[in-house]
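Student: Mind looking over this structure? Questions follow.
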Amino acid sequence: MKNTLIAIRVEDRDCAAVKVQGVLTKHGCSISVRLGLHDQDEGDVCSPSGTMILQLSCAPADARVVVDELKGIDGVKAQFIDLD
């Protein structure tokens, strides 16, 4: 088991949120920490884009599956954060 950090960028939350949530639910037992940061437009209007940070506690191959599934969603970017 390894603790792995993943950054996720969602460009169109209205279209991608349900699919992203589906991937996160599917792999929920591997997710130790989930932090969602939505962008703010001027005023009190939420932006359609946002960023998430995940900490996964799983085998590296399992973490790769999560990243690959997220990358397969239109408007979503996902990559590992390497702090070594």
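Student: Of the numbered conditions (1) charged (D, E, K, R); (2) part of a helix (DSSP H, G or I); (3) in contact with a Lys or Arg (Cβ under 7 Å, 6 or more places away or on another chain), R64 fails exactly one; give the number of that condition.
Tutor: (3)
Student: Moving to a separate point now. Taking the condition of being under 12 Å from the mean Cα position of the chain (by Cα) and either over 14 Å from S49 (Cα atoms) or modelled with pLDDT under 95 (or both), how many residues in segment 19-33 meet it?
Tutor: 10
Student: A follow-up question, please. If the requirement is being surrounded by 12 or more Cβ atoms within 10 Å (Cβ to Cβ), among the aliphatic types (A, V, I, L, M) and more than 14 Å from I8 (Cβ to Cβ), which of these qualifies: V65, V76, V23, V45?
Tutor: Every option except V65 fails the conditions.
The values are calculated or read from the model by the stated rules, or taken from the named source; none is laboratory data. Worth saying up front: this structure is predicted, and the values here are computed from it rather than measured. Cβ atoms come from the backbone with ideal geometry, glycine included; neighbour counts cover every protein chain shown.
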